1. Report yes if Glu114 is under 30 Å from Leu71 (Cα atoms), surrounded by 14 or more Cβ atoms within 10 Å (Cβ to Cβ) and either free of Cβ contacts under 8 Å to residues at least 12 places away in the same chain or of a type in the set (Asp, Glu) (or both), otherwise no.
2. In the list Val117, Val150, which residue meets the criterion of being among the hydrophobic types (A, V, I, L, M, F, W, C), touching a Ser or Thr at 6+ places or on another chain (Cβ under 8 Å) and not assigned by TED's automatic domain parsing to the domain that holds Ile67?
3. Can you tell me how many residues in the range 163-190 are in a strand (DSSP E or B) and crowded, with 22+ Cβ neighbours inside 10 Å?
4. Filter the range 149-162 down to residues that are over 15 Å from Ala116 (Cα atoms) and either without any contact (Cβ under 8 Å) to a residue 40 or more places away in the chain or crowded, with 19+ Cβ neighbours inside 10 Å (or both), then give me how many there are.
Amino acid sequence: MSAHRAIDTTRKPVRLGDAHARKRSRAREHARSHIAAFLRKLAYLVGIRKSIVVQGVRYHERDQTPIRRALAPRGPGHKEYSVRFADNARMRIRCTADRIYSDLMHDPRLEVYELAVSRVRPGQRVLEINCGTGAGSQRLARAVGTSGAVVAIDRDRESIRFARRRYAAPNLAFEIGTSESLHGELDGAFDACFVCTRSAVDFSEIWRCLAPGGTMLLWPDPALLPDLPGIDRSLRIADVTIANSARLITREEAPAHPRHKTRTEDSDHDG
């Protein structure tokens, strides 16, 4: 009996990290990944995809890839949705790192617009350059009220098309264009200008359209503001931190613009 017990105590112990245990673990993990892939394919074939509804607007994803993974460095760089608006109008959108839909993604612009809204007053006329998909524009339109107006400009056609449907309002106009599209505007036509400097901007035209005493806010790179005649370089830097650690610059007082003479005034002067 004692000899039998001695034999039992000499059994080989199971060690952590045993090769067979690792092999079984890998096999289970492999099987789970295959099952997950099969379920994703099955969901795609039968049309099971996620839908999100925000204020009556339905976003239906066109593939199974989560939006964070799709926009990650190793992802495809975009995520597509089919959109049905409250009036049953439909369109397809493509989310990218530059084309941000605030109903679906984190939008750092909205943090900036908290300050922008505090700078405008009811009845003012506001210009917005590089407005994106329009969520911030809607906030500006609410701030100026029905007696004011917001003109939002962006060069991206999909963004403007979406914004016109999603954020339609009587005092909010979305236009396809750039700062160069302002050539036909009158001097001092706007009380405030909000500029996203993610693309090239013609600051001379924006400054010309800004009314005396108006406000200009720039982000995320205020260093792009050039030295233009009549622009005071002593700018007040607002104590605001946004997602990319950039700062928002506010210029509170704009110098008066020289009023252009009309042809009648020129003829009177000559006479």
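1. On the way: under 30 Å from Leu71 (Cα atoms): yes; surrounded by 14 or more Cβ atoms within 10 Å (Cβ to Cβ): no; either free of Cβ contacts under 8 Å to residues at least 12 places away in the same chain or of a type in the set (Asp, Glu) (or both): yes.
The answer is no for Glu114.
2. On the way: Val117 fails: touching a Ser or Thr at 6+ places or on another chain (Cβ under 8 Å).
Exactly one of Val117, Val150 is among the hydrophobic types (A, V, I, L, M, F, W, C), touching a Ser or Thr at 6+ places or on another chain (Cβ under 8 Å) and not assigned by TED's automatic domain parsing to the domain that holds Ile67, namely Val150.
3. 3
4. Looking only at the range 149-162, we keep the residues that are over 15 Å from Ala116 (Cα atoms), and these are 153-162.
Now restrict to residues that are either without any contact (Cβ under 8 Å) to a residue 40 or more places away in the chain or crowded, with 19+ Cβ neighbours inside 10 Å (or both): 153-154, 157, 159-160, 162.
Selection size over the range 149-162: 6.
The values are calculated or read from the model by the stated rules, or taken from the named source; none is laboratory data. Quick caveat, the model's predicted, so the values are computed rather than measured. Heads up, the Cβs are rebuilt from the backbone with ideal geometry, glycines too, and the neighbour counts pull from every protein chain shown.
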